[in-house]
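**Q** After the structure tokens below, expect a handful of questions from me.
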Amino acid sequence: MVIVMGPDATPEDTDNLVELAASVGGEAYVTRGAGRTIIGLVGDVERFANLDLRAQPGVSDVRRTSAPYRLVSQENAVSRSVVRVGGVPLGGDTTTVIAGPCAVETPEQTLAAARMAQEAGASLLRGGAYKPRTSPYSFQGLGEAGLKILSDVRDETGLPIVTEVVDAADVELVASHADMLQIGARNMQNFALLHAAGEAGRPVLLKRGMTATIEEWLMAAEHIAQRGNLDIVLCERGIRTFENATRNTLDISAVPVAQKLSHLPVIVDPSHSGGQRDLVLPLSRAAIAAGADGVIVDVHPAPETALCDGPQALVDADLAELASAVRALSGLLGRPLA
Ligand code: E4P
Ligand code: PEP
């Protein structure tokens, strides 16, 4: 059961409902997102029904939900969510491009990639300071030094930062630099990390695990929401299939399916799904045409020297084409670039 609070609800109205739920032995999880507060109730539905919740101050609606992911479910949405990252909207009437280096390597490389990102129409900068690598011998990221580089590049370019956190113990530190926390495919079901991110007071970009069903992905989002944070953006980044001509198989149908099941914005990562530079443009077109709320793209000033994922990074020569394709398609669909 879910209580949807009205736009004028006060914190006292919310506290009153939490107390009422407790008075009948229930639990209430308060989740705040941009423009809405939702309270998820766990307990005996018949006892909640006796509380006349609909008549309580501040309540806009009370819904029984059939989805197991009640807070992020479309069933409980007043409207589709728009998540703001440093003032930049994700979702709603616009299309958002996030771009930047796969990994932060040096201040010069990060600044050059950020300038490339801006040229490609990006309004948010991506870049990993903590890299989840298959091999312990691969570059693991610069850690805190990388976060400082990202902060400096934000000051220089004005681009808010999206960066990955791989360990619950680092969430506070990463959140002190980042405008948005990224949880990567490999950590989609790291529940301690999801909970810490849910409490960090920053929007979260949740990538789909490479072997996760859409329901498992939405349940992972529910873990973040249940800790009080509804500012979540889902990212389809390709799944493991028998096909090995691409790094991962972009599950394009995940875009409309996740948007049907959930009110959260859904973006696509064409870089990690295709794994090859020449696939980024067609997969970006496919994503926007399928209704994605944006794309997140790797760019690098010198991919041949990149310490991570060089083959999928766009170079200067590709950017004009990407920018004009994204602009044209998003304009055609009535969702201009954010
Ligand atoms: C990059 O973003 C990831 O860390 C990378 O894709 C991991 O892949 P790999 O370590 O298998 O190269
Ligand atoms: C990334 O975007 O840097 C990344 C590691 O991607 P994924 O988690 O999708 O593999």
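The values are calculated or read from the model by the stated rules, or taken from the named source; none is laboratory data. These numbers were taken from a predicted model, which means no experiment stands behind them. Cβ coordinates were reconstructed from backbone atoms using ideal geometry, including for glycine residues, and neighbour counts include every protein chain displayed. When the accessible area is computed, the model is the full protein with side chains, heavy atoms only, and any ligands, DNA or RNA have been set aside. Shrake-Rupley method; radii C 1.70, N 1.55, O 1.52, S 1.80 Å.
**Q** Using the heavy atoms of the protein chains alone and a 1.4 angstrom probe, what is the accessible area of the stretch 246-300 per residue in square angstrom? Could you put the intermediate results ahead of the total?
**A** On the way: 1490 Å² over 55 residues.
That works out to 27 Å² for each residue.
**Q** I want to make sure I understand the PRE zone here: with the label point 7 angstrom from the Cα of Glu199 toward its beta carbon, which residues in the stretch 207-236 have backbone N atoms less than 14 Å away?
**A** Residues passing the 14 Å test: 224-229.
**Q** Taking Cα centroids, how far is the stretch 127-157 from the stretch 28-107 in Å?
**A** Spelled out, the Cα-based centre of one part sits 30 Å from the other.
**Q** Could you look at the chain and say what percent of its accessible area is carbon and sulfur, using a 1.4 Å probe and all protein chains? List each step's numbers first, then the result.
**A** Working: 6890 of 13440 Å².
Whole-percent figure for carbon plus sulfur exposure: 51.
**Q** Moving on. If we sort 113-124, 59-70, 261-272 on the protection proxy, mean other Cβ atoms within 10 Å, highest first, what's the order? Please list the in-between numbers first.
**A** Details: 113-124: 22.8, 59-70: 16.4, 261-272: 25.9.
Packing order, densest peptide first, comes out as 261-272, 113-124, 59-70.
**Q** Using square roots of five times the C-alpha gyration tensor eigenvalues, list the equivalent-ellipsoid semi-axes of the chain in whole Å, biggest first.
**A** Details: eigenvalues 259, 81, 67 Å².
One finds semi-axes of 36, 20, 18 Å for the chain.
**Q** Label points 7 Å out from Cα along the Cβ direction at Ala77 and Asp8: separation in nm?
**A** 2.7 nm
**Q** Based on the Cβ-Cβ distance of Arg32 and Asn244, what FRET efficiency does E = 1/(1 + (r/R0)^6) give at R0 = 51 Å, to the nearest 0.05?
**A** My answer for the efficiency is 0.75.
**Q** I'd like the FRET efficiency for Ala22 and Asp167, computed as 1/(1 + (r/R0)^6) with the beta carbon distance as r and R0 of 41 Å, rounded to 0.05.
**A** Rounded to the nearest 0.05, the efficiency is 0.75.
**Q** So, one more: Where does the charge balance sit around Ala196 when Lys and Arg score +1, Asp and Glu -1, over other residues with C-beta under 10 Å from its C-beta?
**A** Cβ neighbours under 10 Å give a net charge of -3.
**Q** Just to be sure I understand: with springs between alpha-carbon atoms less than 10 Å apart, which residue in Gly294, Gly209, Gly26 has the highest mean-square fluctuation in the Gaussian network model of the chain?
**A** In this elastic network of the chain, the residue with the biggest mean-square fluctuation among Gly294, Gly209, Gly26 is Gly26.
**Q** Given Cα positions, please report Rg to Rh for the stretch 48-192, the hydrodynamic radius being the Kirkwood one.
**A** Details: Rg = 19.3 Å, Rh = 17.6 Å.
With Rg and the Kirkwood Rh in hand, the quotient comes to 1.10.
**Q** Right, another one. Please give the net charge around Asp269, taking every other residue with its beta carbon less than 10 angstrom from that of Asp269, where Lys and Arg add +1 and Asp and Glu add -1.
**A** Values: positive: Arg126, Lys207, Arg208, Arg237; negative: Glu236, Asp298.
In short, +2.
**Q** Can I ask one more? Quick check on the stretch 234-287: what does the Kirkwood estimate of hydrodynamic radius come out to from the alpha carbon pairs, in Å? Display every interim value, and only then the final one.
**A** Working: mean 1/r = 0.0891 Å⁻¹.
That comes to 11.2 Å for the stretch 234-287.
**Q** Next question, about the same structure. Quick check: net charge around Gly25, other residues with Cβ under 15 Å of its Cβ, Lys/Arg +1 and Asp/Glu -1? Could you put the intermediate results ahead of the total?
**A** On the way: positive: Arg47; negative: Glu19, Glu27, Asp44, Glu46.
Spelling it out: positives minus negatives among the neighbours equals -3.
**Q** Taking the chain as a Gaussian network, Cα atoms linked when under 10 Å apart, which of Gly228, Gly100, Gly291 shows the biggest mean-square fluctuation?
**A** Per the Cα network of the chain with a 10 Å cutoff, Gly291 tops the list.
**Q** Follow-up question, since we're still on this one. Where in the stretch 120-138 does the label zone of Glu144 land, with the point 7 angstrom along Cα→C-beta and an amide N cut-off under 17 Å?
**A** It comes to 129-131, nothing else.
**Q** Charges at C-beta only: +1 for Lys and Arg, -1 for Asp and Glu. How large is the resulting dipole of the stretch 170-232 about its Cα centre, in Debye rounded to 20?
**A** Details: 5 positive and 8 negative charges, 32 e Å.
Magnitude of the dipole: close to 160 debye.
**Q** Full-extension gain between Ala55 and Arg115, please, as 0.36 nm times their residue separation minus the C-alpha to C-alpha distance.
**A** Working: separation 60, 0.36 × 60 = 21.60 nm, distance 5.32 nm.
The Ala55-Arg115 span can extend by a further 16.3 nm.
**Q** Considering only DSSP beta bridges with both partners in the chain, what is the antiparallel share in %, to the nearest 5? Before the final figure, lay out each step's value.
**A** Values: 19 of 47 bridges.
Percent antiparallel among DSSP bridges in the chain is about 40.
**Q** Which residue, Leu283, Leu307, Leu111, tops the fluctuation ranking in a GNM of the chain built on C-alpha contacts under 10 Å?
**A** Of Leu283, Leu307, Leu111, the Gaussian network model singles out Leu307 as fluctuating most.
**Q** Please work out the average accessible area per residue across the stretch 104-224, using the 1.4 Å probe convention, and give it in Å². Show your work: numbers first, answer last.
**A** Working: 4520 Å² over 121 residues.
With all protein chains present, the stretch 104-224 gives 37 Å² per residue.
**Q** Additional query: Using r as the Cβ-Cβ distance of Asp278 and Arg64, and R0 as 56 Å, what FRET efficiency do you calculate, to the nearest 0.05? It would help to have the intermediate numbers written out before the result.
**A** Numbers: r = 49 Å, r/R0 = 0.87.
E(calc), rounded to 0.05, equals 0.70.
**Q** Just to confirm my numbers, what's the Cα centroid distance between the stretch 297-338 and the stretch 248-296 in Å?
**A** Each part reduced to its Cα centre gives a spacing of 14 Å.
**Q** Hey, got the dipole for the stretch 88-202? About the Cα centre, +1 on K and R Cβ, -1 on D and E Cβ, debye to the nearest 20? Write out the running numbers ahead of the final one.
**A** Numbers: 8 positive and 14 negative charges, 63 e Å.
Rounded to the nearest 20 debye, it is 300 debye.
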